[in-house]
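S.K.: Below you will find the structure I want to go over with you.
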Amino acid sequence: MLKRRTPLGWLQLAHHKSRFAVAIAGVAFAGILVFMQLGFLNMLIDTTVTIHKKLDADIVLVSIDGRDMVNAGSFPRRRLLQALGVEGVADVEALYIRNVQWIKPSDRESGAVLVLALRPDFPGFLDPELNAQVATLTLPGSALFDVGSRGDYTAFIEEVAAGARPQTEVNGKRVTIEGLFHFGASFAAESILLTSADTLGILDGQYDAGAVSIGLVQLAPGYDVAEVVAAINAVIGDDETIARSREDFIDHSRSRLAVDSPISFVFSFGAVIGLIVGTVIVVQILTSDVQDHMAEYATFKAMGFKTGYLLGIVYEQSAVLTLFGFLPALGTSLLLYEVISAGVGMEMTMTWERVLTVLGLTIAMCAFSGTLAMRRVVAADPAEVF
Amino acid sequence: MQTSETAILAQGVSHWFGKGALRQQVLFDLQLEIAKGEVVFLMGPSGCGKTTFLTLIGALRSVMQGSIALFGEELFGASAAQQVLTRRKIGFVFQNHNLHRSLTLLGNVMMGLEAKGLNRLPDAKTRCLAMLERVGLQEHAHKRQAQISSGQRQRVAVARALVSDPPLVLADEPTAALDRKTGHDVVALMRQIAEERGVTVLMVTHDNRVLDLADRIVEMEDGRIVEATADPPIDSRSLHSMERIESE
């Protein structure tokens with residue numbers, strides 16, 4: 001029967017329970033901080049492309065100056081008509097986006113609402129039920145309300161769901177809420193209304209049907225998206241308008257926020273601070289433990305154990321701290337994600353990629369701390385025990 | 001001269017500490033031969049160099065000048081890795097037992113096997129328990145060092161040193177922290193087990209109360225061997241004889 005080496009690292013940690021608890025708390029604290037920072041960053045980025053992901057378009061036309069959905073900019077409608085002439089394009093439609101003032105049905109206070117408007121009979125969304133609902137918005141002044149809006153709209157939503165047609169004001173004009181849909185709020189938009197382009201013309205005095213926010217382009221079956229994108233861009237020949245594939249549109253919007261804005265740096269810096277604090281705590285704990293066991297380590301060396309065996313003890317402690325610190329960090333973060341999602345009305349979701357990232361960072365943090373602590377182990381002189 | 005019966009042969013061993021102007025010689029041309037199975041006590045006043053000599057014999061320091069051969073294996077010029085391999089053939093008993101606090105007594109004795117890679121043997125645990133029984137501590141096998149007395153801890157250290165059946169045991173002041181009777185009991189036990197197994201013992205001590213247990217006493221002073229006594233002093237030998245009569 002083969003016997004493994006004595007798990008001295010684990011035994012040493014478990015022997016000093018209070019010290020072990022502090023070390024676990026340190027690793028967990030760092031893990032939670034990293035999870036939260038990355039969670040906030042991804043929530044910010046993910047909610048930025050919520051609407052993008054709902055659109056049913058193989059290709060979109062956007063203004064080169066557009067930053068996000070709230071600040072999409074605009075381009076001439078004739079570019080859409082030019083795109084319609086490109087081989088492979090089956091249909092095009094204009095999506096208009098305006099950020100306007102309204103009276104919030106929740107508390108009758110004034111606030112901002114993002115209005116998305118398009119031709120009612122155009123199936124502009126991936127969800128067929130939503131397209132069917134939009135198709136009913138033929139009456140001027142009718143709109144759909146996003147149940148994912150931030151704020152306490154419970155009573156209002158129940159009223160609409162029960163079949164009532166409550167009214168509110170958008171830019172001082174009366175609007176009837178005909179139904180509900182679910183997109184979800186973002187940092188930029190608390191609430192969303194879906195309506196027809198004609199209704200937007202009534203609600204927004206500055207509405208110009210010739211200035212399109214997003215152009216939705218649907219392809220005929222069998223055409224390569226990249227080739228058609230290239231063809232459209234060649235036809236447009238415009239420095240202010242660009243065609244992108246749907247995926248590119250989403251990626252570009254995400255990376256614009258993640259890479260080109262200081263937001264990533266701010267949240268990443270928070271994560272780094274968490275790792276530094278965690279490292280300091282773990283180094284302190286492991287160094288104290290090594291210091292306390294110097295006589296035993298020197299004794300082991302005298303008995304014939306190699307330095308590598310003793311370094312293994314410290315690495316074993318690092319591994320134990322990683323495991324025992326990471327699991328509560330993950331559990332606590334999942335709980336906090338739920339609380340925050342409910343509190344701000346935006347989805348804060350845990351991904352496997354993030355779990356593995358934070359696990360990797362925790363392993364690196366503990367291994368680095370162990371490496372710093374083990375310098376003393378290397379220095380343990382077996383002759384000194386005599 | 002090295003023979004097949006020689007356990008330790010030290011010839012012309014000198015040693016220095018420090019560097020440059022601070023370099024100081026602490027051992028001077030030491031000559032010592034210890035036969036296999038012999039129990040030798042190395043005595044002398046504090047600072048005379050006996051522990052330094054012991055660490056050289058134990059391959060815990062590199063031999064600077066002269067020759068030390070353990071069972072014919074030369075330590076002068078040995079690499080760090082060779083020193084580790086040599087140490088695995090030696091059982092060490094320290095002044096401060098240096099038991100591992102988070103291990104049970106059984107776990108500590110097991111480390112004596114693990115250091116030599118013998119913990120993988122199927123009878124490793126049985127062997128450790130038998131050794132603990134031999135030192136009278138089997139019923140305490142699952143206790144930790146904080147739960148037993150100083151004398152019992154030193155017995156565990158003896159068990160840890162001997163469990164792997166090393167041909168040589170080096171002990172450094174193992175009775176220093178023990179009272180007279182306990183100290184004598186521990187060394188007597190170590191000697192008894194060594195005799196049973198044919199183990200050579202070299203023990204540094206300045207404890208006159210255990211001299212009766214030595215086959216030979218080597219005296220050191222100011223880094224030199226000044227006297228090698230073939231037999232222990234009469235009064236100590238009387239005490240040893242009396243105890244043997246009692247045990248019989």
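S.K.: Aspartates and glutamates within cross-link reach of residue B:50: Cα-Cα under 17 Å, excluding same-chain residues under 8 positions apart?
M.R.: Answer for residue B:50, where 17 Å is the Cα cut-off: A:384, B:29, B:33, B:172, B:173, B:207, B:219, B:221, B:222, B:227, listed by chain and number.
S.K.: I'd like the distance separating the alpha-carbon centroids of region A:193-224 and region B:148-173, in whole Å.
M.R.: 88 Å
S.K.: Could you size up the charge dipole of region A:146-240 around its Cα centre, putting +1 on the beta carbon of Lys and Arg and -1 on that of Asp and Glu, and report it in debye to the nearest 20?
M.R.: Working: 4 positive and 15 negative charges, 74 e Å.
Using only the charged Cβ atoms, the result is roughly 360 debye.
S.K.: Report, in whole Å, the centroid distance computed from the Cα atoms of region B:82-137 and region A:44-93.
M.R.: If we compute the Cα centre of each part, the gap is 75 Å.
S.K.: Please compute one quarter of the surface area of the Cα convex hull for the protein assembly as shown and express it in square nanometres. Intermediate values should be presented prior to the final figure.
M.R.: On the way: hull surface 172.1 nm².
Mean orientational projected area (the protein assembly as shown, Cα hull): 43.0 nm².
S.K.: Right, something else. What are the aspartates and glutamates whose alpha-carbon lies under 15 Å from the alpha-carbon of residue A:17, with same-chain residues fewer than 8 places away excluded?
M.R.: Straight-line reach from residue A:17, under 15 Å: A:289, A:292.
S.K.: Between residue B:216 and residue B:25, what is the label-to-label distance in nm when each label sits 7 Å out along the Cα-to-Cβ direction?
M.R.: Taking the simple label geometry, residue B:216 and residue B:25 are separated by 2.5 nm.
S.K.: Continuing with this model, one more query. For region A:60-207, what's the relative contact order in percent, using C-alpha pairs closer than 8 Å and at least 6 residues apart? Don't skip to the end; give the middle numbers.
M.R.: Numbers: 271 pairs, mean separation 36.6, N = 148.
The value is 25 percent.
S.K.: Quick one: accessible surface of residue B:110, probe radius 1.4 Å, all protein chains present, in square angstrom to the nearest 10.
M.R.: It works out to around 20 Å².
S.K.: Right, another one. Which one of A:39, A:179, B:45 has its Cα pushed farthest toward the positive end of the charge dipole of the protein assembly as shown, where Lys and Arg give +1 and Asp and Glu give -1 at the Cβ?
M.R.: Value: B:45.
S.K.: Can you give the Kirkwood hydrodynamic radius for region A:273-386, in Å, rounded to one decimal and based on Cα pairs? Each step should come with its number before you reach the end.
M.R.: Working: mean 1/r = 0.0628 Å⁻¹.
Final number for the Kirkwood radius of region A:273-386 is 15.9 Å.
S.K.: Can you give the accessible area of residue A:347, probe radius 1.4 Å, in Å² rounded to 10?
M.R.: 130 Å²
S.K.: With every protein chain in place, what's the accessible area of residue A:64 (1.4 Å probe, Å², nearest 10)?
M.R.: It works out to around 70 Å².
S.K.: Taking H placed 1.01 Å from N in the peptide plane, check which residues at least 5 places from residue A:193 or on another chain put their amide H under 5 Å from its amide H.
M.R.: Residues meeting the amide H criterion: A:114, A:115, A:116.
S.K.: While we're on this one: Compare A:182, B:100 by solvent-accessible area with a 1.4 Å probe and give them largest first, with all protein chains kept in place.
M.R.: On the way: A:182 110, B:100 0 Å².
Correct descending sequence by accessible area is A:182, B:100.
S.K.: In percent, how large is the relative contact order of chain B, given Cα pairs closer than 8 Å and 6 or more residues apart? Mind dumping the intermediate values first?
M.R.: Working: 481 pairs, mean separation 61.0, N = 248.
Reported as a whole number, the value is 25 percent.
S.K.: Something else now. Helix-derived [θ] at 222 nm for the protein assembly as shown: sum -39500 (n - 2.57) over DSSP H runs of at least 4, divide by residue count, nearest 500? List each step's numbers first, then the result.
M.R.: Details: 21 runs with 287 residues, N = 634.
The helix-only estimate for the protein assembly as shown comes to -14500 deg cm²/dmol at 222 nm.
S.K.: Could you please put B:125, A:173, B:116 in sequence from largest to smallest accessible area, using a 1.4 Å probe? Walk me through the numbers before you get to the answer.
M.R.: Numbers: B:125 105, A:173 85, B:116 45 Å².
These residues rank, largest area first, as B:125, A:173, B:116.
S.K.: Follow-up question, since we're still on this one. Just report the Cα centroid separation between region A:141-176 and region B:1-59, whole Å.
M.R.: 95 Å
S.K.: When only C-alpha pairs under 8 Å and at least 6 residues apart count, what is the relative contact order of chain A, in percent?
M.R.: Taking the mean separation of contacting Cα pairs over the length of chain A, I get 28 percent.
S.K.: Continuing with this model, one more query. Just to check I understand the Karplus step: with θ = phi - 60° and J = 6.51 cos²θ - 1.76 cosθ + 1.60, what whole-Hz values come out for region A:230-247, glycine and proline as x?
M.R.: Once rounded to whole Hz, the list reads 4, 5, 5, 4, 5, 5, 4, x, 10, 7, 10, 10, 9, 9, 9, 5, 4, 5.
S.K.: Dipole of chain B (Lys/Arg Cβ +1, Asp/Glu Cβ -1, origin at the Cα centre): which of B:129, B:55, B:146 lies farthest to the positive side?
M.R.: Final value for the positive-end residue is B:146.
S.K.: What ratio of Cα Rg to 2.2 N^0.38 Å holds for chain B?
M.R.: On the way: Rg = 18.0 Å, N = 248, 2.2 N^0.38 = 17.9 Å.
Normalised Cα radius of gyration, chain B: 1.01.
S.K.: About the Cα centre, and with charges only on the beta carbon of Lys, Arg (+1) and Asp, Glu (-1), how big is the dipole of chain A? Nearest 20 debye, please.
M.R.: Values: 28 positive and 41 negative charges, 339 e Å.
Charge dipole of chain A: 1640 debye, to the nearest 20.
The values are calculated or read from the model by the stated rules, or taken from the named source; none is laboratory data. Treat the numbers as computed from the prediction; the structure is a model and nothing was measured. Methodologically, a virtual Cβ is constructed for each residue, glycine included, from the backbone with ideal geometry; neighbour enumeration extends over all protein chains shown. Ligands, DNA and RNA are stripped out before the accessible areas are found, and what is left, the full protein with its side chains, is counted by its heavy atoms. Shrake-Rupley method; radii C 1.70, N 1.55, O 1.52, S 1.80 Å.
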